[in-house]
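Visitor: Below you'll find the structure I mean.
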Amino acid sequence: MDIKTRGGQFLVKETKCEDIFTPEDFNEDQIMMRDSVKEFVDKEIWPNKSRFENKDYALTEETMKKAGDLGFLSIAVPESYGGMGMGFVDTVLVCDYISGATGSFSTAFGAHTGIGTMPITLYGTEEQKQKYVPKLASGEWFGAYCLTEPGAGSDANSGKTKAVLSEDGTHYKITGGKMWISNAGFCSLFIVFARIENDKNITGFIIENDASNGISMGEEEHKLGIRASSTRQVFFNDTVVPIENMLSERGNGFKIAMNALNVGRIKLAAACLDAQRRVTSGAIKYANERIQFNTPIAQFGAIRYKLAEMATSCYAGESATYRASKDIEDRIHAREAEGTTHQEAELKGVEEYAIECSILKVAVSEDVQNCADEGIQIFGGMGFSEDTPMESAWRDARIARIYEGTNEINRMLSVGMLIKKAMKGHVDLLGPASKVQEELMGIPSFETPDYSELFAEEKEMIGKLKKAFLMVAGGAVQKYGPDLDAHQQLLMAAADMLIEIYMAESTILRTEKTSKKVSEDKIQEQIAMAKLYLYKAVDIIYLKGKESIISFAEGDEQRMMLMGLRRFTKYTNMPNIVGLREVITSKLVEKNEYCF
């Protein structure tokens, strides 16, 4: 299998900029798709923002039907089931640009195309797929996903909903309650997880929404954000499900749920990107128009700081999300070339990059919240008003840190999965970690390096940051071994180091790749954003590394590791951060929008 890197290997292998995919690499078809999605959003969603905020659930359903008519619900569905059968990057691209105007539609779209349809596409029998997927792909039917229960949130496998086989063996009766079910109010079909007898793991079922079959619902939940996303409790009381509607095998539900979440995580990251673009563009326009002290506030340093940071986090999120998307797509194609079925190829392709999916989910969901928060601040008192789009963007952004697995769970998962991959031999962490230990015992080089090429020092810095992570993670594994799971604060700090490495490297590589297509003077703003993001990443990695080291190491070991951390986070030529922000903001203010 000709794959340049496996999931998680970015940490121990140098990635060349030619080997990553960037938004600048979109082909003509992808650009046309992006533009048609933007046109749909600007025509059907953005002008109706106030209706979504006023809980117009009918509008959400109506807009979903229009999206179905245009084929946007079928991008990822194979052609044999009525879909477009497009690649993983295209799927992410549509999810990105269709999600930025309101979280209400974004949630309905994501729940339907992802966890509402995908489990059948990836795990269903041929009969199940032929029966249900074409209706879901067209928008004739909508799907919902019933996993969460009052006592089963992050611990998804602890659900109490029961499935009891009938005496004649023809059907199951499902009894239990599910909560926080997106699209419940207008869905035609549920993916429901229940436990058969005392099975260790839950089982998945496809259940058609029929009130006469023991299915009832609570009232619409009143939520902080995503207000026109239908969210209800769903109750099953001896609901009859034919045995042929079991999804995959008995006891396979937990696996289905976890793999669905992997795909959901990278798509959630994508769904936060256009929201950031729109918030940033809105803030720039307002800052250019708002006059205080006879000057547009866009000219004030305090505001320019915010605009530069907002744009930089968005640029980094784009860089990392599309890098991972193409890695997943390449993995899927490679498996298909070996003769694997599309179902198995897609499952294994996404599973391979589960670490990156968790990293993206955390990083981009937190960036969009910060972006919206600064958007409110730039608007000042007006930002707090429902008359401007900032407060709804802020409220909608808040859920992104909770669903598809909370950010706390995803932080711990990213490091936990990396260690498991190392134990399976899929990622060699031990060898590089041992070399770092040897390097710490040696004398550092005092030669003056040649940093004349673009990003020469930045790429060297990325390599050093990886060493810092390997030093900390290696020390923690040595100290706690299999009990590392119990040290959640240490795992969280290590995860922050991992996240910043991936995001910073993706941003540097994207910009370096672009620089080889156009002259450097044409992308000074992108170069500035890449350097700015790395500068901040270095500070975070130093602080989180220090916190980790002093939590598990003592005496000489602690002193040695802290000395190593300082070495691995030291710049030779520290960039002028205020100058970088000025370069970025000058372009934003001139163009009056996010323009990268």
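The values are calculated or read from the model by the stated rules, or taken from the named source; none is laboratory data. The structure displayed is predicted, hence computed values, not measured ones. Glycine gets a Cβ as well: all are built from the backbone with ideal geometry, and neighbour counts include every protein chain shown. When the accessible area is computed, the model is the full protein with side chains, heavy atoms only, and any ligands, DNA or RNA have been set aside. Shrake-Rupley method; radii C 1.70, N 1.55, O 1.52, S 1.80 Å.
Visitor: Roughly how many Å is it from the Cα centre of the stretch 370-407 to that of the stretch 255-306, as a whole number?
Guide: Using only Cα atoms, the two centres lie 9 Å from each other.
Visitor: I would also like to ask the following. Which of Ile378, Thr388, Pro444 sits farthest toward the positive end of the charge dipole of the stretch 362-455, with +1 on the Cβ of Lys and Arg and -1 on the Cβ of Asp and Glu?
Guide: Value: Pro444.
Visitor: From the residues Asn54, Val583, Gly301, which one has its Cα farthest along the dipole of the chain in the positive direction, the dipole being from +1 and -1 charges on Cβ of Lys/Arg and Asp/Glu about the Cα centre?
Guide: Positive-end residue among those listed: Gly301.
Visitor: How long are the semi-axes of the ellipsoid equivalent to the stretch 93-140, from square roots of 5 times the Cα gyration tensor eigenvalues, in whole Å, largest first?
Guide: On the way: eigenvalues 115, 19, 13 Å².
Equivalent-ellipsoid dimensions as semi-axes: 24, 10, 8 Å.
Visitor: Sticking with this one: In Å², what does the accessible area per residue of the chain work out to with a 1.4 Å probe? Kindly include the intermediate steps, with their values, before the conclusion.
Guide: Working: 24900 Å² over 596 residues.
Accessible surface, normalised per residue, equals 42 Å².
Visitor: What FRET efficiency comes out for Ile291 versus Glu197 if R0 is 51 angstrom and r is the Cβ-Cβ distance? Round to the nearest 0.05.
Guide: 0.15
Visitor: With r as the distance between the Cβ atoms of Met574 and Met382 and R0 = 22 Å, compute the FRET efficiency 1/(1 + (r/R0)^6) and round to 0.05.
Guide: Working: r = 37 Å, r/R0 = 1.70.
E between Met382 and Met574, to the nearest 0.05, is 0.05.
Visitor: Oh, and also: On C-alpha positions alone, give me the angle between the axis of helix 407-424 and the longest principal axis of the chain, in degrees, nearest 10.
Guide: On a 0 to 90 degree scale, this one is about 80.
Visitor: Between the stretch 217-233 and the stretch 89-135, what's the alpha-carbon centroid distance in Å?
Guide: Result: 20 Å between the Cα centres.
Visitor: In whole Å and largest first, what semi-axes does the C-alpha gyration tensor of the stretch 258-397 yield when each eigenvalue is scaled by 5 and square-rooted? Provide the component values of the computation, followed by the final result.
Guide: Details: eigenvalues 305, 37, 19 Å².
They are 39, 14, 10 Å, listed largest first.
Visitor: To continue, here is another question. PRE reach from Thr170 (point 7 Å along Cα→Cβ): which of the stretch 205-232 fall under 17 Å by backbone N?
Guide: So the set is 213.
Visitor: Past the 29 Å Cα-Cα mark, which pairs from Lys424/Lys531; Lys361/Lys513; Lys38/Lys522; Lys66/Lys267?
Guide: Check vs 29 Å cut-off fails for Lys424/Lys531.
Visitor: Continuing with this model, one more query. Along the stretch 382-398, what does the Karplus equation 6.51 cos²θ - 1.76 cosθ + 1.60 (θ = phi - 60°) give for ³J(HN,Hα), rounded to whole Hz, x for Gly and Pro?
Guide: Listing the rounded values in order: 5, x, 7, 8, 5, 6, 10, x, 5, 5, 5, 4, 5, 5, 5, 5, 5 Hz.
Visitor: Once the other residues with Cβ under 15 Å from the Cβ of Ala422 are scored (Lys, Arg +1; Asp, Glu -1), what is the net sum? Spell out each step's value before the answer.
Guide: Working: positive: Arg6, Lys13, Lys420, Lys421, Lys424, Lys435, Lys466; negative: Glu352, Asp428, Asp485.
Every neighbour counted, the sum reads +4.
Visitor: Now for a different question. Using R₀ = 56 Å, calculate the FRET efficiency as 1/(1 + (r/R₀)^6) where r is the Cβ-Cβ separation of Asn157 and Lys517; round to 0.05. Display every interim value, and only then the final one.
Guide: Working: r = 48 Å, r/R0 = 0.85.
With a Förster radius of 56 Å, E is 0.75.
Visitor: So, one more: Determine the dipole magnitude for the chain: charges of +1 sit on the beta-carbon of Lys and Arg, -1 on that of Asp and Glu, nothing else is charged, the reference point is the Cα centre, and the result goes in debye to the nearest 20. Write out the running numbers ahead of the final one.
Guide: Values: 69 positive and 87 negative charges, 208 e Å.
Using only the charged Cβ atoms, the result is roughly 1000 debye.
Visitor: If you don't mind, there's one more thing I want to ask. Can you give the charge dipole size of the stretch 1-88 about its Cα centre, rounded to the nearest 20 debye, using +1 on the beta carbon of Lys and Arg and -1 on the beta carbon of Asp and Glu?
Guide: Working: 12 positive and 18 negative charges, 77 e Å.
For this selection, approximately 360 debye.
Visitor: How many percent of the alpha carbon pairs in the chain exceed a separation of 46 Å?
Guide: On the way: 28173 of 177310 pairs.
For the chain, the share of Cα pairs beyond 46 Å comes to 16 percent.
Visitor: Ordered by residue, what ³J(HN,Hα) values in Hz, to whole numbers, does the stretch 205-218 give under the Karplus form 6.51 cos²θ - 1.76 cosθ + 1.60, where θ = phi - 60° and Gly and Pro are x?
Guide: Using θ = phi - 60°, the values come out as 9, 9, 10, 6, 7, 9, 4, 6, 9, x, 10, 9, 9, x Hz.
Visitor: Going by alpha carbons, how many degrees (0 to 90, nearest 10) lie between the helix axis of 57-69 and the longest principal axis of the chain?
Guide: Helix 57-69 sits at roughly 80 degrees to that axis.
Visitor: Follow-up question, since we're still on this one. Highest mean first, what order results for 459-468, 365-374 on Cβ atoms within 10 Å? Spell out each step's value before the answer.
Guide: Numbers: 459-468: 20.7, 365-374: 23.4.
Packing order, densest peptide first, comes out as 365-374, 459-468.
Visitor: If one takes the longest principal axis of the Cα atoms in the chain, at what angle in degrees, from 0 to 90 and to the nearest 10, does the Cα axis of helix 126-138 lie?
Guide: With rounding to tens, the tilt is 70 degrees.
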